[in-house]
Amino acid sequence: MSMSSFYVTTPIYYVNAAPHLGHAYTTIAADVLARHHRQRGEDVFFLTGTDEHGEPVADAAHAQGVEPQELADRNSERFRALAPKIEATNDFFIRTTDPEHMAVVQDVLSRVRENGYVYMGTYEGWYCPKCADFKAENEVDDGELCPIHHVKLGREQEDNYFFALSRFQEPLERLYAEHPEFVAPKSRYNEALSFIKSGLRDVPLTRHKLTWGVPVPWDKGHVFYVWFDALLNYYSALSYAPAGQGFWPADVHLIAKDILRFHTVYWPALLMAAEIELPKRVFVHGYLLMDGEKMSKSLGNVLDPFAVIDRFGADALRFYLLRDVPFGQDGSVSTAAFEQRYESELANDYGNLASRTLAMIVRYRDGVVDGGDPDGLLHDDFAGLPERVAELLDRVELTNALDEIWQRVRRL
Ligand code: MSP
């Protein structure tokens, strides 16, 4: 692979429910990066897909009286269909139920064990089945509620294989010191680093009570904890996706802050344990909010991206999300705000500019643009614009890049 390659990923989405606008948001942002790097002539690989194992999916399937595989098949198809609908140009769509992915998970995690980072232990503590995550005492709201889902948590006790995360405390601190670009924006870097510095505890690597997962090759009574299965998608996909070879390590993992710890702590530690090269950067964006809360299926405050696109079109949606919510921060979205941007910026600013310009070219220039010298002031206004936009996109500052362009639209 040449030096000029670029590998970008989205999280793989849970198939316990249909996609909502929050999922579309990350995929759109990743697509902007993929197109930018392709336009510059780089070899690009853009990966997205679905996370299909684990408790959230198994529970949702049982609640609907179907097998997990059936629910996974149905909802994975909806995520797959969302990508072209939002005009995402992903090169592959991974499913964690792909047998090729499952084999890589078994292989890599066996290596982690052979390298001495896996042992048998007992987990005792809080667990949120919706997050598929174990919670420390200080993370539990009001003594027993999930801080994200506001559901009552159960106490779990389970004999599991553990991953010796605590042994990576010092290597992770070194990674953060040597690579300050590993996590962006800076506030998220600080958050991840302070979590590491607060002291890492070992984490369950397998689940004994579940069957919906990748079987543990050395102990058939266990499946791998869904997060380790899921994280490995970024690595496994390249081994069987057509044209995927040679892109590792990833240049940018795009995620929202809900899954920060998995990507900025567990993931690099796991790769170190397996002796695999680390990704270059994790970029963490904020939440799309509705009525002041994170848009999420379990809270019921979601917008359906299919319906929004049918009404406004994919381009308008892409524009709206990157314009209205400063990329990297939380921001409220609503149909009213969308209509407002659509009218004032797309129809008025941009639409009027385009239609007047075209009309004047016909009327005063016989329909020919002769490439004559632009007005001197305008010339100055546009000088260096492509370079400036490219530089911002390289830093994943998507809203700032769009703003540079929009200032010129206004000026014209
Ligand atoms: N399956 C895990 C991720 C595994 S990655 C190895 C998961 N899935 S998820 O379906 O819950 O998707 C979470 C991701 O979807 C977020 O990190 C973000 O990229 C996107 N979003 C979901 N809701 C969102 C908002 N309300 N706002 C912004 N992004 C949102 O976690």
Go through the residues of segment 310-321 one by one and say whether even a single one is more than 30 Å from Glu114 (Cβ to Cβ), of a type in the set (Asp, Glu), outside any loop (DSSP other than H, G, I, E, B) and at pLDDT 95 or above. yes
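Residue-by-condition table, conditions (1) at pLDDT 95 or above; (2) of a type in the set (Gly, Ala, Ser):
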{"position": "Val118", "(1), (2)": "yes, no"}
{"position": "Ala136", "(1), (2)": "no, yes"}
{"position": "Gln157", "(1), (2)": "no, no"}
{"position": "Tyr161", "(1), (2)": "yes, no"}
{"position": "Lys186", "(1), (2)": "yes, no"}
Candidates Asn16, Asn90, filtered to the one that is part of a loop (DSSP other than H, G, I, E, B), over 28 Å from Thr211 (Cβ atoms) and not hydroxyl-bearing (Ser, Thr, Tyr): Asn90
Mind checking which residues of segment 247-278 are away from the ligand (no atom under 11 Å from the Cβ), open to solvent by 10 Å² or more (accessible area, probe 1.4 Å) and of a type outside the set (D, E, K, R)? Phe247, Trp248, Pro249, Met272, Ile276, Leu278
Any residue at all in segment 123-134 that's open to solvent by 80 Å² or more (accessible area, probe 1.4 Å) and in contact (Cβ under 8 Å) with a residue 24 or more places away in the chain? yes
Any idea how many residues of segment 356-412 are open to solvent by 50 Å² or more (accessible area, probe 1.4 Å) and of a type in the set (A, V, I, L, M, F, W, C)? 11
Here are some residues: Ala307, Ala243. Which one is assigned to a helix (DSSP H, G or I), more than 11 Å from the ligand (Cβ to nearest atom) and of a type outside the set (Phe, Trp, Tyr)? Ala307
Out of the residues in segment 284-304 that are in a strand (DSSP E or B) and open to solvent by 20 Å² or more (accessible area, probe 1.4 Å), state the one that is nearest to Val265 (Cα to Cα). Lys294
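The values are calculated or read from the model by the stated rules, or taken from the named source; none is laboratory data. For clarity, every value in this text was computed on a predicted model and none was experimentally measured. Heads up, the Cβs are rebuilt from the backbone with ideal geometry, glycines too, and the neighbour counts pull from every protein chain shown. Ligands, DNA and RNA are excluded from the accessible area calculation, which covers all protein heavy atoms including side chains. Shrake-Rupley method; radii C 1.70, N 1.55, O 1.52, S 1.80 Å.
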